[in-house]
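Visitor: Following this message is one structure expressed as structure tokens.
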Amino acid sequence: MHKCILYKKKSDKKVQCQACNWYCDISEGHTGLCGVRKNIKGDLYLSVYGKAIAAHVDNIEKKPLFHFLPGTEIFSIGTVGCNFRCLFCQNWDISQVRLKEPNETMGTDLPPKEIVKYCVENDIPSIAYTYNEPAIFFEYAYDTAKLAHKEGIKNIFVSNGFESKEALKKIEPYLDAINIDLKGFTEEFYKEICSARLQPVLDNIKHVHKMDVWLEITTLVIPTKNDSDEELTNIAEFIASISKDIPWHVTAFYPQYKMMDIPPTPPETLERAYEIGKKAGLNYVYTGNIPGMKGENTTCLKCKKEIIERFGLECTSCQVDNKGRCTNCNNKIVGIWK
Ligand code: SF4
């Protein structure tokens, strides 16, 4: 158990958690909605601090981040628990775990300093807080991120975009990039499929774009649920209204968790989503989860050459120099390249 930093004390030994937009009021002996932040005698504790349920070295393309150190490795960690209940969750076996006993925790001991040490020793340039929502294990991510920056290692959140304003403010100096899921574009979708709310996610996307943090957005396209022209157009136009340079990943769904009755996303649907993104004016639209599809590569907006080629989760060639310029025509490409 590790004492949290994002909470406020209230009367009667209650606390209000301030890590995400639920702002749970938590009575003594209880946990918040995510199941990992617990009120013990009037203070809030994180039960999964230093307890990684998943830790892997991934390609950065897997996050997905396509305009951030392409072709590099990223140390990725997550814990149990989540503040959403997405019926299609691909990591449901860790995100939907609920700790039952008062002092129960789950995961392998992996303190912040060990993560950073591993990255230094193995020349891994960045760390992703991913697999489940990093806001709920905020203090673990925050302490790791601070140590990482001291060693010149970058930090990335892969997030549902439901962080509190307090969490974003606190992590901002140490956060280099974020991929936010924009899972749909109606409150009904967020309520019925994710047990969540849309508006705070939209507000956070606008806010993060103003921060000094590289932003990419992902939409998992689910047949019959969020794949209409109207919904995809609304998402694409919303992103374009913030910046046409924000990369939008449209990725294929596969039956998972409580959505086993929905078929996988056909390639034609992703092609349609890709065209909708381009029509909305987005400069960088990418298809994902179906290797080899049109839409995996990055094209220079000026010379029209394919300057970053990918296959699935691998970057196979990159013709952007470390100043972020196309090596063919010297055009500046948005992103973080060194
Ligand atoms: S992180 Fe969110 S869901 Fe978890 S206790 Fe805090 S406010 Fe509630």
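Only the coordinates and a few stated rules stand behind these numbers; no lab work does. Quick caveat: nothing in here was measured; it's all calculated off a predicted structure. Cβ sites come from the backbone with ideal geometry, for glycine too, and all protein chains shown count toward neighbours.
Visitor: Choose one of Cys318, Pro64, Val15: the residue whose Cα lies farthest towards the positive end of the charge dipole of the chain (beta-carbon charges +1 Lys, Arg; -1 Asp, Glu; about the Cα centre).
Guide: Highest projection toward the positive end goes to Val15.
Visitor: What distance in nm separates the simple spin-label points at Asp109 and Trp337, each placed 7 Å from Cα in the Cβ direction?
Guide: Taking the simple label geometry, Asp109 and Trp337 are separated by 4.5 nm.
Visitor: Still on this model: Measure of size requested: the Rg and Dmax of the chain, with Cα atoms as the atom set and Å as the unit; please supply both.
Guide: Rg, Dmax (Cα atoms, Å): 19.7, 66.
Visitor: Also: So how many Å³ per residue does the convex hull of the Cα atoms of segment 174-215 work out to? Display every interim value, and only then the final one.
Guide: Working: hull volume 2.8 nm³, N = 42.
Output value, Cα hull per residue: 67 Å³.
Visitor: For Glu192, what charge total do you get from the other residues with a beta carbon under 12 Å from its beta carbon, if Lys and Arg give +1 and Asp and Glu give -1?
Guide: Details: positive: Arg85, Lys183, Lys191, Arg197, Lys225, Lys258; negative: Glu187, Glu188.
Neighbourhood net charge equals +4.
Visitor: Pairs of Cα atoms under 8 Å, at least six residues apart: use those to get the relative contact order of the chain, whole percent.
Guide: So the answer I get is 14 percent.
Visitor: Something else about it: Cross-link partners among aspartates and glutamates for Lys169, C-alpha distance below 15 Å, same-chain residues fewer than 8 apart left out?
Guide: Excluding near neighbours in sequence, the set is Glu139, Asp143, Asp203, Asp212.
Visitor: If you don't mind, another one. In whole angstrom, how far apart do the alpha carbon centroids of segment 159-199 and segment 234-281 sit?
Guide: The two parts, judged by their Cα centres, are 17 Å apart.
Visitor: Restricting things to Cα coordinates, could you compute the convex hull volume per residue of segment 184-265 in Å³?
Guide: 99 Å³
Visitor: Can you figure out the FRET efficiency of Thr316 with Val120, using R₀ = 25 Å and their beta-carbon distance, to the nearest 0.05?
Guide: With R0 = 25 Å, the Cβ-Cβ based efficiency is 0.35.
Visitor: May I ask for log10 I(q)/I(0) of segment 297-338 at q = 0.33 Å⁻¹, from a Debye sum over the Cα atoms as equal point scatterers with solvent left out?
Guide: So the normalised log intensities work out to -1.20.
Visitor: For Cys17, Cys119, Cys329, what's the fewest-to-most ordering of other Cβ within 10 Å of each Cβ?
Guide: Listing Cys17, Cys119, Cys329 from fewest to most nearby Cβ atoms yields Cys329, Cys119, Cys17.
Visitor: Provide the convex hull volume over Cα atoms per residue for segment 151-300, in Å³.
Guide: Details: hull volume 19.7 nm³, N = 150.
Hull volume normalised by residue count: 132 Å³.
Visitor: Report for the chain the percent antiparallel among DSSP-assigned beta bridges with both residues inside it, nearest 5.
Guide: Bridges in the chain are about 50 percent antiparallel.
Visitor: While we're on this one: What's the extension gain from Asp261 to Thr327 if we count 0.36 nm per residue and subtract their Cα-Cα distance? Before the final figure, lay out each step's value.
Guide: Values: separation 66, 0.36 × 66 = 23.76 nm, distance 4.67 nm.
Difference between extended and current length: 19.1 nm.
Visitor: Please give the calculated 222 nm ellipticity per residue for the chain, where each DSSP H segment of at least 4 residues contributes -39500 (n - 2.57) and the sum is spread over every residue; nearest 500 deg cm²/dmol?
Guide: That comes out to -7000 deg cm²/dmol.
Visitor: In addition: Give me the net charge of His56's neighbourhood, meaning all other residues with Cβ under 11 Å from the Cβ of His56; Lys, Arg count +1, Asp, Glu -1.
Guide: Within the 11 Å Cβ shell, the charges total -1.
Visitor: Sticking with this structure for a sec: What is the sum of charges around Val334, taking Lys and Arg as +1, Asp and Glu as -1, for the other residues whose C-beta is under 13 Å from the C-beta of Val334?
Guide: +3
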